[in-house]
Amino acid sequence: MKTGAKKQIKTLRAHRKGLKQDQKAAKAAGATQAKKNIKTERKLAKNEIKQTKNAKRHANAKTETAKKITKLRAANLAAKKDQIAANARGDNKSKAKIKTERKAIKGQIQQNKALKQLTKKQRNQSKSSK
């Protein structure tokens, strides 16, 4: 996963750069709808980069809490993809629903991060007391 992920991220970043050029060209030409479509495509590409990074992080995670955080992050990114698609369709109802869903996921991520910090502190205290 490690070596493949690095290469995949590199190609996705290059793809986003290309899309940015297309977006600038569309804006200059005055094609606002084309510009919006490209912008959505760029958002999806950025999301894909984050998903790849998260998968890499999950593969290298050592603790259960870290694995749990990466699973939650994956769920959040999947929901974000749906949110971007809903926004592109102009479906505000489902976009709002997904947004609240994502807030709940983000809350869980924060809780697990706090738990991770707490266990880290406990580990350090047990090491120093020996």
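The values are calculated or read from the model by the stated rules, or taken from the named source; none is laboratory data. None of the values given here were measured: they were computed from a predicted structure. Here Cβ is always computed from backbone atoms with ideal geometry, including for glycine, and neighbour counts include all displayed protein chains. For the accessible areas, the whole protein counts, side chains as well, though only heavy atoms, and no ligand, DNA or RNA atoms are used. Shrake-Rupley method; radii C 1.70, N 1.55, O 1.52, S 1.80 Å.
Annotations for the structure displayed:
- Cα-based shape type of the stretch 38-109, given that a ≥ b ≥ c are square roots of the gyration tensor eigenvalues and the cut on a/c is 1.5: oblate
- Accessible area (Å², per residue) of the chain, counting only protein heavy atoms and a probe of 1.4 Å: 73
- In summary, the chain shows an alpha-carbon radius of gyration equal to 1.37 times the 2.2 N^0.38 Å reference for compact globular proteins.
- Sites ALA75 and GLN21, calculated FRET efficiency, Cβ-Cβ separation with R0 41 Å, nearest 0.05: 0.80
- Solvent-accessible area, 1.4 Å probe, carbon plus sulfur percent, for the chain: 52
- Heavy-atom accessible area for LEU118, with the other protein chains in place and a 1.4 Å probe, reaches approximately 90 Å².
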